[in-house]
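The values are calculated or read from the model by the stated rules, or taken from the named source; none is laboratory data. Since the structure is predicted, the reported quantities are computational estimates derived from the model, not experimental observations. Virtual Cβ from ideal backbone geometry, glycine too; neighbours counted across all protein chains shown. When the accessible area is computed, the model is the full protein with side chains, heavy atoms only, and any ligands, DNA or RNA have been set aside. Shrake-Rupley method; radii C 1.70, N 1.55, O 1.52, S 1.80 Å.
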Amino acid sequence: MELRQKVIVITGAAGGIGAAMARRFAADRPEGLVLSDRPGTALAPVIADAEAAGCATLSVTADVSAEAEVQALARAALDRFGRVDLFCSNAGVATGGLLDAPDRDWSQAWAVNAMAHVYAARAILPSMLERGSGYLLQTCSAAGLLVEVGDVPYTMSKHAAVAFAEWLAITYGSRGIGVSIICPQGVRTPMLMAGFEAGMLGPKIIAAAGNILEPEQVAETVVDGLRAERFLILPHLEVAGFWRRKAENPDRWLDGMRRLVRTTTGDTPAAPTTPATPAAPATPAAPTTPAAPTTPAGSGTSS
């Protein structure tokens, strides 16, 4: 996929990877950039840089954990530019939580890191399918392929995001819809650096496992991956090796991860203060043939 003359939506665009993608994409002269982030974030500098590069822009405030706001974002993009060629579902959140993380952290990680991708697909796929073309780019993290040992809500939600992207690619790939996932490891973003400053376990393990990239390096890798229409975009090439070793010998990989935790921290994660009670497994439903998604009723207005 070439970005020139495309209409592109990016969530989580005020900083980190999202801002870097916005600036790099603008250099390829898309027809329009729709940039979004949650209330209280500074989108204006990114908008200004994109416009300085000659790009038409639209700024939309949206909380991607709320489906009505994602629907409103998609409608705003379609109303302004008439179509969306590439929807980058990039917003994410880390909690630094382990097994005893409060339920609100689990819920937030699930809503932002997993369900936001579902909401984006529901919002924009109908118009893409009607045209017979479109592309979904989802920021999933290497944690979605491996494990972020210092943040279990993040790890679980990112694994779900990878699985959902795989399902989208299988289900809609023959109908003109491209899907790619970005799975970086350590990137110098406010989210990661805040974890370093707080002394969290996860950033220590990330630093021990490989290089910390700049967001601009990730954005360049994304452009290359989109041009090649690769499903799996890996800014850190070493992640491919880790992932392969995990698949080839899971027990050996798990043992290696335990050693990494011990050598990096000299300790192991603390036991949970309140053990969770496991729920009874649900009875799986019979499989059905997926249909094109419809726009849910009751969508709210843009914020």
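Every residue in the stretch 79-116 that is open to solvent by 40 Å² or more (accessible area, probe 1.4 Å), in contact with a Ser or Thr (Cβ under 6 Å, 6 or more places away or on another chain) and hydrophobic (A, V, I, L, M, F, W, C), please.
Hit for the stretch 79-116 is Trp110, nothing else.
Would you confirm whether any residue within the stretch 178-193 is touching a Lys or Arg at 6+ places or on another chain (Cβ under 9 Å), open to solvent by 10 Å² or more (accessible area, probe 1.4 Å) and modelled with pLDDT of 90 or more?
No: the stretch 178-193 contains no residue that is touching a Lys or Arg at 6+ places or on another chain (Cβ under 9 Å), open to solvent by 10 Å² or more (accessible area, probe 1.4 Å) and modelled with pLDDT of 90 or more.
Quickly run through the stretch 23-40 and pick out the residues that are over 13 Å from Val9 (Cβ atoms), open to solvent by 40 Å² or more (accessible area, probe 1.4 Å) and assigned to a loop (DSSP other than H, G, I, E, B).
The answer is Ala27, Arg29, Arg38, Pro39, Gly40.
How many of the residues making up the stretch 233-252 are among the hydrophobic types (A, V, I, L, M, F, W, C) and open to solvent by 40 Å² or more (accessible area, probe 1.4 Å)?
Residues in the stretch 233-252 being among the hydrophobic types (A, V, I, L, M, F, W, C) and open to solvent by 40 Å² or more (accessible area, probe 1.4 Å): 4 in total.
So how many residues does the stretch 132-171 have that are open to solvent by 40 Å² or more (accessible area, probe 1.4 Å), within 22 Å of Ile206 (Cα to Cα) and free of Cβ contacts under 8 Å to residues at least 24 places away in the same chain?
Residues that pass the stated criteria total 1.
Does Ser127 satisfy being in a helix (DSSP H, G or I), surrounded by fewer than 24 Cβ atoms within 10 Å (Cβ to Cβ), without any contact (Cβ under 8 Å) to a residue 24 or more places away in the chain and not acidic (Asp, Glu)?
no
Here are the criteria: (1) touching an Asp or Glu at 6+ places or on another chain (Cβ under 6 Å); (2) farther than 23 Å from Gly134 by Cα; (3) open to solvent by less than 50 Å² (accessible area, probe 1.4 Å). Tell me which single one Ala62 does not satisfy.
All conditions pass for Ala62, except number (2).
Condition test on Gly54, is it surrounded by fewer than 20 Cβ atoms within 10 Å (Cβ to Cβ), part of a loop (DSSP other than H, G, I, E, B) and not hydrophobic (A, V, I, L, M, F, W, C)?
The answer is yes for Gly54.
Can you name every residue in the stretch 155-193 that is assigned to a helix (DSSP H, G or I) and farther than 25 Å from Ala101 by Cβ?
Glu166, Trp167, Leu168, Ala169, Ile170, Thr171, Tyr172, Gly173, Ser174, Arg175
Residues checked against (1) in contact with a helix residue (DSSP H, G or I) (Cβ under 8 Å, 6 or more places away or on another chain); (2) under 14 Å from Phe231 (Cα atoms); (3) not hydroxyl-bearing (Ser, Thr, Tyr):
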position	(1), (2), (3)
Gly132	yes, no, yes
Thr139	yes, yes, no
Leu145	yes, yes, yes
Lys158	yes, no, yes
